[in-house]
1. Could you check segment 280-293 and list, in sequence order, the residues that are over 17 Å from residue 73 (Cβ atoms) and either touching a helix residue (DSSP H, G or I) at 6+ places or on another chain (Cβ under 9 Å) or buried (at least 17 other Cβ atoms within 10 Å of the Cβ) (or both)?
2. Among (1) open to solvent by 10 Å² or more (accessible area, probe 1.4 Å); (2) more than 21 Å from residue 272 (Cβ to Cβ), where does residue 139 come up short?
3. When the residues of segment 225-253 are narrowed to those that are within 24 Å of the chain's Cα centre (by Cα) and surrounded by fewer than 21 Cβ atoms within 10 Å (Cβ to Cβ), which ends up nearest to residue 315 (Cα to Cα)?
4. If you go through segment 1-15, how many residues are aromatic (Phe, Trp, Tyr) and open to solvent by 10 Å² or more (accessible area, probe 1.4 Å)?
5. Based on this model, can you work out whether residue 83 counts as open to solvent by 10 Å² or more (accessible area, probe 1.4 Å), on the phi < 0 side of the Ramachandran plot and touching a Leu at 6+ places or on another chain (Cβ under 6 Å)?
6. Residues that are surrounded by 20 or more Cβ atoms within 10 Å (Cβ to Cβ), of a type in the set (A, V, I, L, M, F, W, C) and closer than 20 Å to residue 71 by Cα: does segment 49-56 have at least one?
7. Among the residues of segment 62-89, write down those that are touching a Lys or Arg at 6+ places or on another chain (Cβ under 7 Å) and within 22 Å of residue 134 (Cα to Cα).
8. So, residue 65, is that one in contact (Cβ under 8 Å) with a residue 24 or more places away in the chain, polar (S, T, N, Q) and closer than 23 Å to residue 303 by Cβ or not?
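The values are calculated or read from the model by the stated rules, or taken from the named source; none is laboratory data. Bear in mind that the values here come from a model prediction, so they are computed numbers and not experimental data. Methodologically, a virtual Cβ is constructed for each residue, glycine included, from the backbone with ideal geometry; neighbour enumeration extends over all protein chains shown. Each accessible area value is taken on the protein alone, full model and side chains, heavy atoms only, with ligands, DNA and RNA left out. Shrake-Rupley method; radii C 1.70, N 1.55, O 1.52, S 1.80 Å.
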Amino acid sequence: MKAIVYEEYGSPDVLELRDVEKPTPKDDEVLVKVYAVSANAADLHLLRADPFLIRLSSGLLKPKNKILGSDIAGRVEAIGRNIKQFKPGDEVFGDISAGGWGGFAEYVCAREDALVLKPANLSFEEAAAVPMAAVTALQGLRTKGQIQPGQKVLINGASGGVGMFAVQIAKAFGAEVTAVCSTRNLNIVRSMGADHVIDYTREDFTQNGKRYDLILAANGDRSISDYRRVLTPRGTYVMTGGAMAQLSEVMLKGPWISMTSSQKMGNLLAKPNQQDLAFMKELLEAGKVVPTIDRRFPLSEFAKAFRYLEEGHAQGKVVIIVHQAVPNKSLHLPAAIPVPFIAASEPGR
Ligand SMILES: NC(=O)c1ccc[n+]([C@@H]2O[C@H](COP(=O)([O-])OP(=O)(O)OC[C@H]3O[C@@H](n4cnc5c(N)ncnc54)[C@H](OP(=O)(O)O)[C@@H]3O)[C@@H](O)[C@H]2O)c1
């Protein structure tokens with residue numbers, strides 16, 4: 001099968017599209033034929049071993065897992081003998097990062113607790129855009145942020161992969177949502193349901209006198225004191241993403257502020273969670289949350305996908321198409337999208 005492999009840490013240039021052995025599922029694994037896989041900032045961190053300490057878990061000198069890719073959507077091709085939740089032919093999606101990654105490939109073996117049946121109303125591409133970003137937003141708002149209906153919630157970095165899900169999830173919980181993004185993203189973020197939008201290139205949300213019960217920092221580079229200033233006296237601040245300086249500050253000062261005041265401030269390292277993904281499936285099927293795909297790339301143009309994501313200005317998610325789910329003539333891809341890679345192993349082609 002084809003897979004995007006990396007043997008050493010570095011830029012997207014170290015990635016190679018290669019033939020590798022098709023995996024065989026162990027007793028507790030599901031073999032998934034991958035139709036689409038989305039790229040996440042986590043793939044970039046692992047690719048570059050940045051921050052350096054990531055090497056303690058991903059391999060000191062060389063990457064342990066040679067194939068990146070966590071967020072897959074595909075069809076179950078075979079199952080191990082202990083698999084209870086899925087059968088061959090099921091359409092699934094999930095975040096396989098806790099089980100060894102490997103999504104940038106035509107086939108991958110996954111633990112069944114990493115997978116959920118694909119929402120019936122979503123294409124494989126749309127489903128692949130969901131897992132890590134949406135579950136991060138959900139865990140930030142619900143698990144750590146304890147979001148309540150009627151709360152005033154601010155999402156910074158609202159136009160990225162995590163941010164767009166955060167805006168919609170907060171609305172689904174009945175919050176009044178303020179989204180912070182740049183000028184070109186104002187309309188798209190409004191269309192996600194944001195009640196108020198702030199253009200960070202023109203207005204400083206920490207200086208306009210407004211206060212929020214819950215702030216989710218999905219991206220950006222504001223200091224903890226900036227966020228504290230716009231938090232209500234009993235408010236909660238959750239950082240899921242942003243600049244490294246911001247993360248270090250939150251890790252150092254957040255616990256102290258949370259202990260010594262009525263405000264709660266801290267960061268979240270999201271974990272794949274089957275129940276959380278199943279909850280997202282419900283929101284997606286109810287139409288309360290809709291994934292936004294900025295760009296789609298064929299597997300053969302994986303390096304372009306990584307470089308684009310690395311620029312840090314994606315509007316929603318970047319998705320790589322591995323197998324075509326429908327004949328080309330019925331697939332309505334925007335004109336700018338490259339002709340998809342047709343997998344050599346696709347039967348009947
Ligand atoms: N904690 C966790 O477990 C976890 C999980 C997933 C991701 N993350 C982290 O979360 C961060 C965001 O992930 P993502 O997938 O959403 O990334 P992404 O899709 O690459 O984010 C890109 C978006 O961020 C916006 N942005 C960039 N600079 C900004 C700024 N200064 N202020 C406000 N918005 C800004 C961009 O909007 P403009 O073009 O308008 O600037 C763009 O829409 C990353 O740092 C990632 O590592 C953490």
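1. 286, 288
2. If we test residue 139 against (1) open to solvent by 10 Å² or more (accessible area, probe 1.4 Å); (2) more than 21 Å from residue 272 (Cβ to Cβ), just (2) comes out false.
3. First, the residues of segment 225-253 that are within 24 Å of the chain's Cα centre (by Cα): 227, 236-251.
Still in the running and surrounded by fewer than 21 Cβ atoms within 10 Å (Cβ to Cβ): 242-245, 247-249, 251.
Numbers: 242: 16, 243: 18, 244: 21, 245: 24, 247: 23, 248: 26, 249: 27, 251: 28 Å.
Per the criteria, the residue is 242.
4. Final tally of qualifying residues: 1.
5. On the way: open to solvent by 10 Å² or more (accessible area, probe 1.4 Å): yes; on the phi < 0 side of the Ramachandran plot: yes; touching a Leu at 6+ places or on another chain (Cβ under 6 Å): no.
Taking the combined requirement at face value, the residue does not satisfy it.
6. Keep residues of segment 49-56 that are surrounded by 20 or more Cβ atoms within 10 Å (Cβ to Cβ), which gives none.
Within segment 49-56, not a single residue is surrounded by 20 or more Cβ atoms within 10 Å (Cβ to Cβ), of a type in the set (A, V, I, L, M, F, W, C) and closer than 20 Å to residue 71 by Cα.
7. Taking segment 62-89 first, the residues touching a Lys or Arg at 6+ places or on another chain (Cβ under 7 Å) are 73-77, 79-80, 89.
Scanning segment 62-89 gives 73, 74, 75.
8. Working: in contact (Cβ under 8 Å) with a residue 24 or more places away in the chain: yes; polar (S, T, N, Q): yes; closer than 23 Å to residue 303 by Cβ: yes.
Against the criterion (in contact (Cβ under 8 Å) with a residue 24 or more places away in the chain, polar (S, T, N, Q) and closer than 23 Å to residue 303 by Cβ), residue 65 qualifies.
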